[in-house]
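Beneath this line is the structure, given in structure tokens, with notes to follow.
The values are calculated or read from the model by the stated rules, or taken from the named source; none is laboratory data. Remember, predicted model here, so these are calculated numbers, not experimental data. A quick note on method: Cβ atoms are made from the backbone with ideal geometry, for glycine too, and the neighbour counts reach across all protein chains shown.
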Amino acid sequence: MQTDGYAGYDFLVHQKKIRHIGCFAHVCRKFTDVVKARGANGKTGSADVALNYIKRLYALEKEAREKLFTFDEIRLMRGERAKPILEEFRAWLSKKSLQTPPKGLLGKAVSYALNQWEKLVGYLEDGRLAPDNNMAENSIRPFVIGRKNWLFSGTPAGAEASALLYSLIETAKANNLEPYAYLRYIFDRLPLASMLEDYEALLPWNVTPEKLGIVAPARCG
């Protein structure tokens, strides 16, 4: 389970069959806030040093994607190249924690990183893991951005209907289906469905882009 440092997730540490993984994107944001507070004319400082460590880690991830590393190759690469960077970063954080007021923006960023450390380095253990949970956050961003529009439902039945539709659309997107084309496809065929198999055939994982009349463009070479 990969999350940010919200205290509500701390119970996961005590679950024997769950490995709790941290998120470097949230660490990055806290140091970025320090840079923003400094202003455009401020001098380069400790926050920039921290961000540089994180950039080096993400550069390795980019290289792995570009070279199409297997999950096992990613794990080995991280052990050989990312782990030394992480060890150096932690040593820097530990030293900085003794030199920085804990209630300042920089102090809070340093403390957050150190408190989350064992979770943050968890991604080294498996090549299938990412250094952050941005994929999950990007999936829920449409709801976060528009939450004022659907903060309340008129009835419990309305809330359940909304949840079902949101889940259906997001699952369609996860299966590379264009949401509006998929909705048109199922609404056209729902009146004709009479058996369980008919409804199952309309679920996102049983529909292909070709069925929606969407054909991938031809590629050269």
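Computed quantities for the displayed model
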read-out	value
Tabulated pairs, the range 157-177, first on the phi < 0 side of the Ramachandran plot and modelled with pLDDT under 90, second small (Gly, Ala, Ser) and outside any helix (DSSP H, G or I), C-beta under 8 angstrom, 6+ apart or interchain	Ala159/Ser153; Ser162/Ser153
Residue check for Tyr112: in contact (Cβ under 8 Å) with a residue 60 or more places away in the chain, hydroxyl-bearing (Ser, Thr, Tyr) and either closer than 15 Å to Lys30 by Cβ or surrounded by fewer than 18 Cβ atoms within 10 Å (Cβ to Cβ) (or both)	yes
Residues (among the charged types (D, E, K, R) and surrounded by fewer than 17 Cβ atoms within 10 Å (Cβ to Cβ)) located in the range 82-107	Lys83, Glu87, Glu88, Arg90, Lys95, Lys103
Residues of the range 1-40 classified as touching a residue at least 60 places away in the same chain (Cβ under 8 Å) and more than 12 Å from Ile54 (Cβ to Cβ), total	11
Test set (1) outside the structural domain of Ile18 (by TED's automatic domain parsing); (2) of a type in the set (A, V, I, L, M, F, W, C); (3) part of a helix (DSSP H, G or I); (4) surrounded by 17 or more Cβ atoms within 10 Å (Cβ to Cβ) - Leu120 fails condition number	(1)
Unmet requirement for Asn206, which otherwise passes all of (1) surrounded by 13 or more Cβ atoms within 10 Å (Cβ to Cβ); (2) modelled with pLDDT of 90 or more	(1)
Cys28 being under 15 Å from Leu124 (Cβ atoms) and surrounded by 18 or more Cβ atoms within 10 Å (Cβ to Cβ)	no
Out of Gly79, Gly22, Gly39, Gly5, sole residue that is at pLDDT below 90 and surrounded by 12 or more Cβ atoms within 10 Å (Cβ to Cβ)	Gly5
